[in-house]
1. Each label point is 7 Å from the Cα along the Cα-to-Cβ direction; what then is the distance between the points at GLN2 and ASP40, in nm?
2. What is the Cα radius of gyration of the range 13-92 over 2.2 N^0.38 Å, N being its residue count?
3. Wrap a convex hull around the Cα atoms of the range 109-156, take a quarter of its surface area, and give that in square nanometres.
4. Name the long-range amide H neighbours of LEU104: under 5 Å, sequence gap of 5 or more, or other chain; modelled H, no Pro or chain starts.
5. If amide hydrogens are placed 1.01 Å from N in the peptide plane, which non-local residues have theirs closer than 5 Å to the one on PHE143?
6. At 0.36 nm per residue, minus the direct Cα-Cα distance, what do GLU28 and THR48 gain on full extension? Give it in nm, one decimal, please.
7. Along the Cα-to-C-beta direction of THR70, a point sits 7 Å from the Cα; which residues of the range 1-40 have their amide N less than 15 Å from that point?
8. Based on the mean of other Cβ atoms within 10 Å per residue, sort peptides 134-141, 26-33 so the most packed one is first.
Amino acid sequence: MQLVVARIGRAHGIKGDVTVEVRTDEPELRLAPGAVLATDPPSTGPLTIETGRVHSGRLLLRFEGVKDRTAAEALRNTLLIAEVDPEELPEEEDEYYDHQLMDLDVVTADGVEVGRITEISHLPSQDLFIVERPDGSEVMIPFVEEIVAEIDLAEQKAVITPPPGLIDDRAEIASSRDSEASQDSQDFEGES
């Protein structure tokens, strides 16, 4: 199985280094020197990682045969793709690869069907499940412990405990001040 593990950014310096946007939780495994990666577009690869280092919080890679800034800049926006055994699991017990989560049925803790995971969006603050509902609409569910109670790969489902308003339009009143204001307006109307 092929997984996108990084996207090449701009060239860095004059010796062929490039910045990369890491798209894997295991960069030390997937982006190590000697790794041979397929590419998208395919015409730019395969690429073999010669060196890797962190500079100012960004991962820099140099590929075999890429010796100057011009060659490095030509790789910009190329996706790096690693071959991964589909049976391989992440090291941590509560971690998952995207391909394991795709197409899982999403249900609430009380068994109400929400939909099916069609995409996983990786944002800086958290990951989101993009869930297609039975009516064709989409809902975004934060992949956080407070909301996603259980991932059951054997049953192919994700069990969620959504806060009010996340998957439906029935949000609770956010503060007691709002309910007091509502009560005051009812009292006012009754005094005329």
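The values are calculated or read from the model by the stated rules, or taken from the named source; none is laboratory data. Bear in mind the structure is a predicted one, so any value in this text is a computation, not a measurement. All Cβ positions, glycine included, derive from the backbone under ideal geometry; neighbour counts span all protein chains shown. For accessibility, only protein heavy atoms count, side chains too; no ligands or nucleic acids. Shrake-Rupley method; radii C 1.70, N 1.55, O 1.52, S 1.80 Å.
1. Taking the two extended label points, one gets 0.8 nm.
2. 1.10
3. 3.8
4. Residues meeting the amide H criterion: ILE117.
5. Under 5 Å from the amide H of PHE143: ASP127, LEU128, PHE129.
6. Details: separation 20, 0.36 × 20 = 7.20 nm, distance 1.47 nm.
Fully extending the segment from GLU28 to THR48 adds 5.7 nm.
7. 14-16
8. 26-33, 134-141
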